[in-house]
Structures are given as structure tokens and as C-alpha cells.
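Okay, so here's the structure we're looking at.
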Amino acid sequence: MSIRKNRLKISEILQKGTTVPATQVMGWVRTKRESKAGLAFVEINDGSCFENLQLVLTMADAGLTDIISQLYPGTSLQAAGKLVTSQGGRQAVEMQVESIEILGSADPHAYPIGKQKMSYEYLREYTHLRPRTNTFGALARLRDMMAQSIHEFFHQRGFIWVHTPIITANDCEGAGKAFQVTTLDLAKLAASGKAPDFEKDFFGEPVNLTVSGQLEGEAYALSLGDIYTFGPTFRAENSNTSRHLAEFWMVEPEMAFADLEDDMELAEAFLKHLCRAALEKCPREMEFFRERVEPNAIARLEEIASKPFVRLSYTEAVERLKSSDEKFQYPVEWGSDLQSEHERWLTEKVFQGPVILTDYPKAIKAFYMKVNDDNRTVRAMDVLVPHIGEIIGGAQREDRLDVLTSRIQEMGLSPESLKWYLDLRRFGGVPHAGFGLGFERLIQFVSGMGNIRDVIPFPRTPGHAGI
Ligand code: ATP
Ligand code: MN
């Protein structure tokens, strides 16, 4: 017999109201309160939506008295009864309980998720239980909705979702350090004092976890036109910042027959679509983030959805930074990479909104970006947003075989191992462009959460890969 047959989710109950004659709910206790009038009010949540459902129990009811005394935060239960218009609860409806059964008890002295305000640092010790809190439940639903909206955006425009490999022999772009993957016995190897023989390794050569699906994505774009990838990427950067993870999800569209202008247009339309989606599809969660996390959360998204993004060259940005009175921790010089503090100054202080910076010095960008006629800059673009800084990095790709080959050599990479990539220019190369959006930075931006460790269920950072 199915145990969920007669069950309604709280989200369904709140939609249908008291029109449902009698039903069964299941969930976890959030709070319990006993009134002098002999009633117990138990709020439960089942994860289906932000709201709790209030259960009303009559303490004198012989069947309930004993159970009421065993209900603590974290206890799971199933209850059946009548849905009635709520007298004092926070929702329009509440349940007058006729029968109740505990599914799993929770020791009130040991349960780490209390009613008191818990810090994000504290909750990181309990990544397996933090989804029981309002904040992390809301973030999980927001992540899901944003992922759906990403697929929706590209699907509507005829982009094909391509699944690029996780394990790869490309050390793509020198974009941060890659995690090596091996089945060689490292302890034995160390004891022998010998150098590793990669011919004996699983793939017969050194391989790593992917830092980006872009290069493989380009291969499909140059056959299918418009594609995107959406999957996990890995970077062993030893940077303990509030915007970097060792494992994060990236969305990478790639378009054939496109230049940097087309790339910027796509990026802007994409971010606008996602801001609107958050407002329309997660209104209750966004309201919560506005109240509890970032007072500007909603206004900011509305503004981004409606205002054109500022476009500015890297060179102009550097001039503005150099002539400003602001005290920066890192100095700015033409040719150096912008730090988060610079990016935030531009978006928060100068333009008060998203800024697309273009035409970066070629020395600080990857080998595959199209070199400009000045031979100093490349057709790169980064989208910067307030609160985060860089959220998107993209470029028009170098489509000239000779220029690309010499760039590969200049950067100390091997043209031999990138032969397949060069083939894409050798056989029917076309102008093409794309970008990468860090999914967690997007969630950070939309929710206003300060630390990237709190917008992915199980964060991986230097020294931390436990649950
Ligand atoms: P940053 O300069 O911020 O370290 P990057 O220039 O190395 O980023 P790209 O290689 O351009 O990043 O990657 C594309 C996007 O992926 C970035 O715009 C960002 O949104 C995201 N991203 C990059 N590195 C990380 C990371 N370690 N953790 C989370 N997101 C990341
Ligand atoms: Mn970048």
C-alpha cells in the first residue's frame, strides 16, 4: 500500500484551501506551543514550499495527549484531519488533527537546528541538516528554479544542451589549477621514489577534472550552431574567498556565426531573463531574502531586468579607477587583472548597475580569445554586477588558424595536444563566441547571500570536502 496516496503537500493544501474535505500531511515539526485553553499548536514544514502548516490538537483528546508530549523540533510525523479557516495561524488554513503518528523522533537535547538565530558558519558544520531551515530551504528552491529557467531560456532560443566530459586530457585554459585524476597508487609510488609512469595510469596519459566545458562546446557549436553546456567544473585554486569554490556549476553557451556584440547581447538578455524568473517564480523566497538577507534584493533585480547594461572598454575602466579618489587595497595598472574591489567600485559606486567590460589585455586572458587589430587586446567581455563583481566571462574566439597556433605557442601550450581544437579552424572555421556564467555566483547575486559556501548544498573549498 502506498503511504503517500492520500497525502497532500503543504504547497497543494495552501493552493486548494479549505475546499479539500479531509486529508493527510507529513512533515517535520518546526515549533510547538501549548495554550491555556487546552490546545496544542504544532507548525510543520514538508519542504514543498516556504510556508508551514499549523496543526491544532486538542490536548484532552485521549488519542493525542501522549503523542503531543513527544513532539519536538525535528520530529517527523504524519497527521490526518480537517482543513479549516485559520483563527490565528500565519496561513489562511490550518488542520484540526484527528489522528497523528510519529514517523521519526528527534532528541531535543541533541538536535542541532534550534529556533534561535544560528550563524551561517555554525550551519556549515551541519550541511546535511541546514536544508531544514528557512534560509537553506529557500535557497534550494531558488537554485532549482534558476536551473529550470536557464534551460527554458536556451530551449526557447533553439540552443542545444550538450553534455561535455568531466574527465579530460585538456588543461583547457590555464584557468586556475586542475585536479589531477589518477588510479596510480600514490603511496607505493612515493615509497619507490620513482617518477609516475602515466602510460600505466588508467587513461595512459595524465588527465584532470574539467575546468570548463568550453573547448568541447566549441566543437559542437561548429556543427550545430547554438549550444550550451551546464554542469560541474573544478578548480584547485587555493583562494579562500567568498566567491570561489573548488567545485562549482557553470553554464557555457557557444554560438557559431556570432561576434562579441552578439555575445554581449546574449549575456544581457540571459541575465535579465533570470532576474525576471526569480521575481516571478520564487516570489515568496525573494520576499524572505529581502526581509532577512539583503534589503535591496527585489529592487535590484527589478532594476536589472529593465535597465540597459553599461558597456565600457577595459582601458576606459582602468583610467576611471586610476583617477578616482577611492583607496584600493590593490593598485590598478593597465595590464593587470581587475580585483573584486575594483569591479565592485565600478558597479556599485560609478554605474550602480551591471557593467560589461570589453577588450582586455591579451596577456591576462586565455589563448583562444580573438586578438584585436591593436595586437595588445582581445575580444573578451566580462559582465560585472554589484555585490559580486565578475559573474560572466566570455569572448569572441580566435578563428584564424595561424594566429591561434602562434597564441598557443606563446602561452607555452602544446599545439599537438590541441590538434583537434585547431581542426575546428582548419575545416570550415567561422566567427564564433560564447561565455561562462558561474551558477553559484548567480544564486549569490539573486539571493544577496554573502558567502558562496552557502548557496551550494555541499561546498568544496580548500581543506573541506566532507559532507
Ligand atoms: P575570477 O576572476 O572571479 O576568479 P575567472 O576569470 O577565473 O573568475 P572564468 O574562467 O572566466 O573565471 O569562468 C567563468 C565564470 O565562472 C566566472 O565569471 C565566474 O562566474 C565563475 N567562476 C570562476 N571561478 C569560480 C570559482 N572558483 N567558484 C565559483 N565560480 C567561479
Ligand atoms: Mn573571467
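The values are calculated or read from the model by the stated rules, or taken from the named source; none is laboratory data. Being a predicted model, the structure only gives us computed values, none of them experimental. Positions of Cβ are backbone-derived with ideal geometry, glycine not excepted, and every protein chain shown enters the neighbour counts.
When you check HIS342 against the structure, is it within 16 Å of ligand 1 (Cβ to nearest atom), crowded, with 16+ Cβ neighbours inside 10 Å and either modelled with pLDDT under 95 or of a type in the set (S, T, N, Q) (or both), yes or no?
Spelling it out, it is not the case that HIS342 is within 16 Å of ligand 1 (Cβ to nearest atom), crowded, with 16+ Cβ neighbours inside 10 Å and either modelled with pLDDT under 95 or of a type in the set (S, T, N, Q) (or both).
Among (1) surrounded by fewer than 20 Cβ atoms within 10 Å (Cβ to Cβ); (2) in contact (Cβ under 8 Å) with a residue 60 or more places away in the chain; (3) touching a Ser or Thr at 6+ places or on another chain (Cβ under 9 Å), where does ALA256 come up short?
With respect to (1) surrounded by fewer than 20 Cβ atoms within 10 Å (Cβ to Cβ); (2) in contact (Cβ under 8 Å) with a residue 60 or more places away in the chain; (3) touching a Ser or Thr at 6+ places or on another chain (Cβ under 9 Å), ALA256 is out only on (1).
Can you name the condition, by its number, that MET118 falls short on among (1) surrounded by 15 or more Cβ atoms within 10 Å (Cβ to Cβ); (2) at pLDDT 95 or above?
(2)
Might you check whether a residue that is assigned to a helix (DSSP H, G or I) and within 16 Å of ligand 1 (Cβ to nearest atom) occurs anywhere in region 186-209?
Checked region 186-209: no residue is assigned to a helix (DSSP H, G or I) and within 16 Å of ligand 1 (Cβ to nearest atom).
For region 419-467, what are the residues that are within 30 Å of GLN409 (Cβ to Cβ), buried (at least 20 other Cβ atoms within 10 Å of the Cβ) and among the aliphatic types (A, V, I, L, M)?
Within region 419-467, LEU424, ALA433 qualify.
Go through region 381-405 and report how many residues are charged (D, E, K, R), within 16 Å of ligand 2 (Cβ to nearest atom) and either over 13 Å from GLN444 (Cα atoms) or assigned to a loop (DSSP other than H, G, I, E, B) (or both).
Of the residues in that region, 2 qualify.
Can you tell me which residues in region 32-46 are within 34 Å of the chain's Cα centre (by Cα) and more than 11 Å from LEU71 (Cα to Cα)?
ASN45, ASP46, listed by residue number.
Pull up region 1-48, narrow it to residues that are within 17 Å of GLY81 (Cα to Cα) and charged (D, E, K, R), then point me to the one that is surrounded by the fewest Cβ atoms within 10 Å (Cβ to Cβ).
Looking at residues that are within 17 Å of GLY81 (Cα to Cα) and charged (D, E, K, R), I get LYS5.
Starting from residues that are of a type in the set (D, E, K, R) and part of a strand (DSSP E or B), keep the ones in region 234-255 and report whichever is nearest to ligand 2 (Cβ to nearest atom).
GLU252
Please go through region 9-37 and give me each residue that is in a loop (DSSP other than H, G, I, E, B) and at pLDDT below 95, ordered by number.
Selection gives VAL20, PRO21, SER35, LYS36, ALA37.
Hey, among ALA258, ALA267, ALA221, which residue is assigned to a loop (DSSP other than H, G, I, E, B), touching a strand residue (DSSP E or B) at 6+ places or on another chain (Cβ under 6 Å) and either closer than 24 Å to PRO165 by Cβ or not aromatic (Phe, Trp, Tyr) (or both)?
After ruling out the rest, the residue left standing is ALA258.
On the given criteria, is ASP374 out of contact with any helix residue (DSSP H, G or I) (no Cβ under 9 Å at 6 or more places or on another chain) and under 30 Å from VAL430 (Cβ atoms)?
Taking the combined requirement at face value, the residue satisfies it.
I'm trying to understand the selection: among the residues of region 160-170, which are under 16 Å from MET250 (Cα atoms) and in a loop (DSSP other than H, G, I, E, B)?
Listed by number, the residues that qualify are VAL162, HIS163, THR164, PRO165, ILE166.
Looking at region 52-72, I want the residues that are exposed (fewer than 15 other Cβ atoms within 10 Å of the Cβ) and have a partner that is part of a loop (DSSP other than H, G, I, E, B) and of a type in the set (Ser, Thr, Tyr) with Cβ atoms under 7 Å, at least 6 apart or on another chain. Which pairs are those?
Short answer, once both residue conditions are applied: GLN70/SER105.
Can you name the number of the only condition in (1) surrounded by fewer than 20 Cβ atoms within 10 Å (Cβ to Cβ); (2) more than 16 Å from ligand 2 (Cβ to nearest atom); (3) within 29 Å of ALA317 (Cα to Cα); (4) not charged (D, E, K, R) that SER414 fails?
So SER414 meets the others, but not (3).
Out of (1) within 29 Å of ASP144 (Cα to Cα); (2) away from ligand 1 (no atom under 16 Å from the Cβ); (3) crowded, with 19+ Cβ neighbours inside 10 Å, what's the single condition that is false for LEU245?
Here LEU245 clears every test but (2).
Taking interchain pairs and intrachain pairs at least six residues apart, which have beta carbon atoms under 7 angstrom, with the first residue in region 404-415 and without any contact (Cβ under 8 Å) to a residue 12 or more places away in the chain and the second β-branched (Val, Ile, Thr) and not in a loop (DSSP other than H, G, I, E, B)?
Going by the 7 Å Cβ cut-off, the qualifying pairs are PRO415/THR405; PRO415/ILE408.
From PHE435, PHE445, PHE458, which residue is in a helix (DSSP H, G or I) and either touching a Pro at 6+ places or on another chain (Cβ under 6 Å) or within 16 Å of ligand 1 (Cβ to nearest atom) (or both)?
PHE445
Pairs please, first residue from region 305-319 and more than 10 Å from ILE356 (Cβ to Cβ), second anywhere and of a type in the set (Gly, Ala, Ser) and not in a helix (DSSP H, G or I), Cβ atoms under 6 Å, 6+ apart in sequence or on different chains.
Pairs found: LYS307/GLY353.
Within region 371-397, work out how many residues are surrounded by 23 or more Cβ atoms within 10 Å (Cβ to Cβ), free of Cβ contacts under 8 Å to residues at least 60 places away in the same chain and either over 24 Å from the mean Cα position of the chain (by Cα) or away from ligand 1 (no atom under 14 Å from the Cβ) (or both).
So the answer is 1.
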